1. Could you go through segment 149-157 and let me know if any residue there is small (G, A, S) and either crowded, with 18+ Cβ neighbours inside 10 Å or in contact with a strand residue (DSSP E or B) (Cβ under 9 Å, 6 or more places away or on another chain) (or both).
2. Among the listed residues E78, E64, identify the single one that is at pLDDT 95 or above, closer than 18 Å to V20 by Cα, among the acidic types (D, E) and exposed (fewer than 15 other Cβ atoms within 10 Å of the Cβ).
3. Going by the structure shown, is K151 part of a loop (DSSP other than H, G, I, E, B) and within 16 Å of the ligand (Cβ to nearest atom)?
4. Just checking, does segment 98-106 include any residue being away from the ligand (no atom under 11 Å from the Cβ), under 12 Å from the mean Cα position of the chain (by Cα) and either under 26 Å from E6 (Cα atoms) or of a type in the set (A, V, I, L, M, F, W, C) (or both)?
5. I'd like the residue in segment 9-32 that is more than 16 Å from the ligand (Cβ to nearest atom) and of a type in the set (D, E, K, R) and, out of all such residues, is surrounded by the most Cβ atoms within 10 Å (Cβ to Cβ).
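The values are calculated or read from the model by the stated rules, or taken from the named source; none is laboratory data. Remember, predicted model here, so these are calculated numbers, not experimental data. Here the Cβ positions follow ideal geometry from the backbone for every residue, glycine too, while neighbour counts run over all protein chains shown.
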Amino acid sequence: MVCSSEYPVEIRTHTALHVVKGAVVRVLGEEAKWTASTYVSGSHGRLTVRFNRKPSPDEIALIERLANEAVEKDLPVEVIHMDRGEAEKRFGDIIYDLFPVPEEVKTLQIVLIRDTDGSIWNINACNKEHTASTKCIGRIRLGKPRFRRSKQLLEIPFDIE
Ligand SMILES: [Zn+2]
């Protein structure tokens with residue numbers, strides 16, 4: 001797929017959040033499945049998930065490696081508009097973040113990234129703009145994570161190249 005410079009950097013950084021999240025759940029497990037907040041500014045992003053401990057340097061290195069493998073695989077970023085009830089029935093609460101989508105929203109934009117083996121890399125109800133495929137993001141470098149024990153929040157900063 002042709003991309004790279006066509007996309008505004010913040011669209012690439014935002015799409016990277018989905019890729020990093022997929023890697024976080026693969027490495028840290030289902031316990032890390034709730035996104036508490038996200039932040040994007042230029043080529044810098046930060047994913048904050050609810051979690052119960054600080055990951056080891058090896059785990060962070062593995063998250064970074066898997067995220068970049070997902071980028072290299074050039075996985076399509078599918079955008080599906082779906083009735084909310086239908087989406088909940090089909091996918092369950094995995095589409096949601098910690099903060100709920102307002103009740104009056106009846107149609108969801110679902111962003112779905114599948115791995116090459118067909119398994120779901122990441123799925124999320126998200127109404128922002130995304131790149132057409134993961135390769136368009138560019139290389140992802142994770143920064144130093146911060147674990148806020150009192151809030152049980154793990155912040156994972158990253159930059160894209
Ligand atoms: Zn998104």
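1. So far as segment 149-157 goes, no, none of its residues is small (G, A, S) and either crowded, with 18+ Cβ neighbours inside 10 Å or in contact with a strand residue (DSSP E or B) (Cβ under 9 Å, 6 or more places away or on another chain) (or both).
2. Being at pLDDT 95 or above, closer than 18 Å to V20 by Cα, among the acidic types (D, E) and exposed (fewer than 15 other Cβ atoms within 10 Å of the Cβ) holds for just one of E78, E64, which is E78.
3. So K151 fails the test.
4. no
5. R26
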